[in-house]
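The values are calculated or read from the model by the stated rules, or taken from the named source; none is laboratory data. None of the values given here were measured: they were computed from a predicted structure. Counting neighbours? That spans all protein chains shown, and the Cβs are built from the backbone with ideal geometry, glycine included. Remember, those area values only see protein heavy atoms, side chains included, never the ligands or the DNA or RNA. Shrake-Rupley method; radii C 1.70, N 1.55, O 1.52, S 1.80 Å.
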Amino acid sequence: MATARRRIRPSPADAGSAIGALNLATFYESGKDQDRAIAFKYYQKSAGLNLPEGMFALGRLYDDGLGTAVDRQEAIKWYLRATDAGYRRAAYRLAYAYDATLSSDNAAENILAAIQQGDRQIADELKAFSPFTRTALKKSLSRRGLYDGSMDDEIDQPLKSALASYARSYGG
């Protein structure tokens, strides 16, 4: 995850439309007149106009099956685009989506990416991830020279120490 991210933003001509679509989507998702199918359409519009918040929200709707069927591959696609656009919470959700699709190495790398972005909460939520992702996380930290404990799926003190060290060294 050390690659530089290119910031994607709506063109000036589309910025108002993208933000307007995002506002309508938010209204229809959680406002008085809730209709998640309509919210989904407006999130699609804002994401299609390169608004990072819209990309993230569209990924979340695909991930959670709100206003559409659950589609983790689409969720991952939109979380990746939001991450590339600099949206800070996308790596957090991306880690969970990868874990749900049994892509443990990708999930582990996105746990670390979330920590790099300043997210300290994810390190406290390791129980929510599969044993395979926890083991992949230990292996990733070991390759970085930060972990030298057992390569099992336990959330042990060496793992907690390695994550704290990672946060100090690379955290945002």
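Charged side chains reduced to their Cβ positions (Lys and Arg at +1, Asp and Glu at -1) give the chain a dipole of some 580 debye around its Cα centre. Taking a straight Cα-Cα cut-off under 30 Å and skipping sequence neighbours fewer than 8 places away in the same chain, the lysines within cross-link reach of LYS138 are LYS77, LYS127, LYS160.
If you plug the beta carbon distance of PHE27 and LEU102 into 1/(1 + (r/R0)^6) with R0 = 35 Å, you get a FRET efficiency near 0.45. Set the Förster radius R0 to 41 Å, insert the Cβ-Cβ distance between SER169 and ILE19 as r into 1/(1 + (r/R0)^6), and round the FRET efficiency to 0.05. Between SER169 and ILE19 the formula returns 0.65. Accessible surface of the range 74-172, 1.4 Å probe: 48 percent of it comes from carbon and sulfur atoms. Based on the convex hull around the alpha carbon atoms, the range 89-130 presents an average projected area of 2.4 nm². Take the chain with all the other protein chains still there, run a 1.4 Å probe, and you get 50 Å² of accessible area per residue.
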